[in-house]
């Protein structure tokens, strides 16, 4: 019966999901570009490196308020929705889905590990694959139950961080100093990072792989597992409720947009004001101060989702929607391509601009990559059924070479 299961065909795709995925893929680059271009500490603590005045400050303000954690939240929600979509189709055709799901997740894990250790340590695919192994068992729950469970799992990270933040006065002095150095590294350590990533290929891989290991262990345990797994469960619920497939009324989406923004943006902005007031001090901003954007982004992301659904339901901007949907259909290829471009621009294997490009120029590069991916995705899919990496992933998952060219 398994031979009856085939990849999702073009005619059965849900355009709203593809458009939303395309926007999410483009949006996450606004923040990822900082990790490609600047020392890692500057991602969480913008005062740790580089110019934080004038236009650079306003670029950070814009990216933090409108992009930081918003698009990765949407991407995580979509991953959960995708699990339901793929398993439902498989079960409708063959009566089972476990084999396909776990093969897909296994190969996604392999692709993620290659990406994380050989290209860029900030990979999210490993976290998705690991979470996907677990959330599969909850896919048939009712939407309300999934929403509650997802929110509870999402909340665990906050509990861990709030407990850790309030315990700082009781930390051993050595542990406190070591963690503070991670939050705001001295110039000598920042220079070591710059030298490693602009050095030889082996230096880049060794430094990057060490960073990836930290992300896959410590950071995964305290942040990524709870965040991505919780959002996957929420995504399953939203898909089952017809919210992600543009099935709800325009009035529903307008209200959702309004509620998401009215709740989310004030929380995000208040957190920004508080962190700026203490100049991003480690004692406040690393743990307690990070929670405003963590939760505010959840609501803002729902507002974005509702806005995209309104766009998908409208009869306007058809050419743009087609291009965005193509970017979304090639999400894996475009995600890895962003990393490859970032490495070629900023690491020693390419132009070696790491640590030399300010936030204004980073945003300019983001716009250029957006234009490139919007330009290449649709022509590729007009000729081929899948993006290059999507074809590899599907062929491995079904253990059969998939047809590539359109007839």
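Out of the residues in the stretch 324-355 that are without any contact (Cβ under 8 Å) to a residue 60 or more places away in the chain and touching a helix residue (DSSP H, G or I) at 6+ places or on another chain (Cβ under 9 Å), state the one that is farthest from residue 392 (Cα to Cα). Filtering first and then ranking leaves 351.
Has the stretch 170-187 got any residue that is part of a helix (DSSP H, G or I) and within 26 Å of residue 345 (Cβ to Cβ)? Yes, because at least one residue in the stretch 170-187 is part of a helix (DSSP H, G or I) and within 26 Å of residue 345 (Cβ to Cβ). For the stretch 322-361, residues that are crowded, with 23+ Cβ neighbours inside 10 Å and assigned to a loop (DSSP other than H, G, I, E, B) total 3.
So that you can scan it fast, the table gives a plain yes or no per residue for (1) surrounded by fewer than 17 Cβ atoms within 10 Å (Cβ to Cβ); (2) over 30 Å from residue 84 (Cα atoms):
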site: 180; (1), (2): yes, yes
site: 202; (1), (2): yes, yes
site: 216; (1), (2): no, no
site: 219; (1), (2): yes, no
site: 222; (1), (2): yes, no
site: 231; (1), (2): no, no
site: 242; (1), (2): yes, no
site: 252; (1), (2): yes, no
site: 260; (1), (2): no, no
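Filter the stretch 271-299 for residues that are part of a loop (DSSP other than H, G, I, E, B), touching a residue at least 60 places away in the same chain (Cβ under 8 Å) and crowded, with 19+ Cβ neighbours inside 10 Å; which is nearest to the chain's Cα centre (by Cα)? Among them, the one singled out is 290.
Table: residues versus (1) in contact with a strand residue (DSSP E or B) (Cβ under 9 Å, 6 or more places away or on another chain); (2) surrounded by fewer than 20 Cβ atoms within 10 Å (Cβ to Cβ); (3) free of Cβ contacts under 8 Å to residues at least 60 places away in the same chain.
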residue: 49; (1), (2), (3): no, no, no
residue: 52; (1), (2), (3): no, yes, yes
residue: 61; (1), (2), (3): no, yes, no
residue: 79; (1), (2), (3): no, no, no
residue: 83; (1), (2), (3): no, no, no
residue: 90; (1), (2), (3): no, no, no
residue: 103; (1), (2), (3): no, yes, no
residue: 109; (1), (2), (3): no, yes, yes
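If you go through the stretch 57-77 and pick out every residue that is more than 19 Å from the chain's Cα centre (by Cα) and over 16 Å from residue 367 (Cα atoms), you end up with 3. Take the conditions farther than 24 Å from residue 63 by Cα and touching a residue at least 24 places away in the same chain (Cβ under 8 Å) and apply them to residue 246. Does it pass? So residue 246 passes the test. The number of residues in the stretch 377-407 being assigned to a helix (DSSP H, G or I) and closer than 23 Å to residue 19 by Cα comes to 14.
Scanning the stretch 118-145 for residues that are outside any helix (DSSP H, G or I) and under 30 Å from residue 340 (Cβ atoms) gives 120, 121, 122, 123, 124.
Checked against (1) surrounded by 15 or more Cβ atoms within 10 Å (Cβ to Cβ); (2) free of Cβ contacts under 8 Å to residues at least 24 places away in the same chain; (3) closer than 26 Å to residue 343 by Cα, residue 191 meets all criteria but (1). Within the stretch 121-154, the set of residues being within 23 Å of residue 43 (Cβ to Cβ) and touching a helix residue (DSSP H, G or I) at 6+ places or on another chain (Cβ under 6 Å) comprises 121, 122, 123, 125, 126, 127, 128, 129, 131, 154.
Selection over the stretch 87-117 of residues that are under 16 Å from residue 332 (Cβ atoms) and in contact with a helix residue (DSSP H, G or I) (Cβ under 7 Å, 6 or more places away or on another chain) gives a count of 11. Only one of the listed residues (184, 157) is at pLDDT below 95, more than 30 Å from residue 89 (Cα to Cα) and in contact with a helix residue (DSSP H, G or I) (Cβ under 7 Å, 6 or more places away or on another chain). That residue is 184.
Of the residues in the stretch 113-166, how many are under 30 Å from residue 180 (Cα atoms), more than 21 Å from the chain's Cα centre (by Cα) and touching a residue at least 24 places away in the same chain (Cβ under 8 Å)? Adding up the residues that qualify gives 5.
The values are calculated or read from the model by the stated rules, or taken from the named source; none is laboratory data. Since this is a predicted model, take the numbers as computed values, not measurements. With ideal geometry, Cβ positions are generated from the backbone for all residues, glycine too; neighbour counts draw on all protein chains shown.
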